[in-house]
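A short worksheet on the structure shown next.
Taken together, the values in this text are just the output of simple stated rules run on the coordinates, not laboratory data. Note that the structure is predicted; figures quoted are calculated from it, not measured. Neighbour counts are summed over all protein chains in view; Cβ atoms, including those assigned to glycine, are modelled from backbone coordinates with ideal geometry.
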Amino acid sequence: MEIDRPEVVAEVAAAFAAYEAALVAGEPDRIVEFFWQSPETVRYGIADQQTGIEEQRAWRWAQPPLPAGRRLRDTRITTFGADYAVVNTLFEYPGGTVAGRQSQTWVRLPAGWRIVAAHVSEPAASVVGRDR
């Protein structure tokens, strides 16, 4: 199995960037389209969890927009073969003292690259810039 084939990393990076743009823009329908449209999709959030795409859709529509100024850092994309990838990143907001963590498992499906599992957390003891 080839790990980190450049063309596959580029595809996943483009999909991840498009997802992040939808997230920052506060577009719930567009965000949900990046997820596997299945009852098996799982997302664990900071104070929430969704199992299945319908729970995810309902939750996304109930959420307020993200705070302005979200920044990503230390984004890592690792691909395994041509159809499987893991993306990990840290996120911060201006004036914040906590660096959040976001992990996503991406799979190439017939509809394209989709997130099949995601996890978001904000460690209470983390300080921006000191949690590396």
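Once both labels are positioned 7 Å from their Cα atoms along Cα-to-Cβ, the gap between SER38 and ALA13 label points is 2.7 nm.
Can you give the FRET efficiency for GLN63 and ASP29, using 1/(1 + (r/R0)^6), R0 = 22 Å, r = Cβ-Cβ distance, to the nearest 0.05?
Numbers: r = 13 Å, r/R0 = 0.58.
After rounding, the FRET efficiency stands at 0.95.
With a simple spin-label model that places each label point 7 Å from the Cα along the Cα-to-Cβ direction, the separation between ASP83 and ASP4 comes to 2.4 nm. Label-to-label distance, ARG71 versus THR97, with points set 7 angstrom from Cα along the beta-carbon direction: 1.9 nm. Note on mean projected area of the Cα convex hull in nm²: of the candidates [x] 8.7; [y] 8.2; [z] 7.6, the value calculated from this structure sits at [y]. Entry note, the chain: the mean residue ellipticity at 222 nm calculated from DSSP H runs of n ≥ 4, each adding -39500 (n - 2.57), is -8500 deg cm²/dmol after division by the residues and rounding to the nearest 500.
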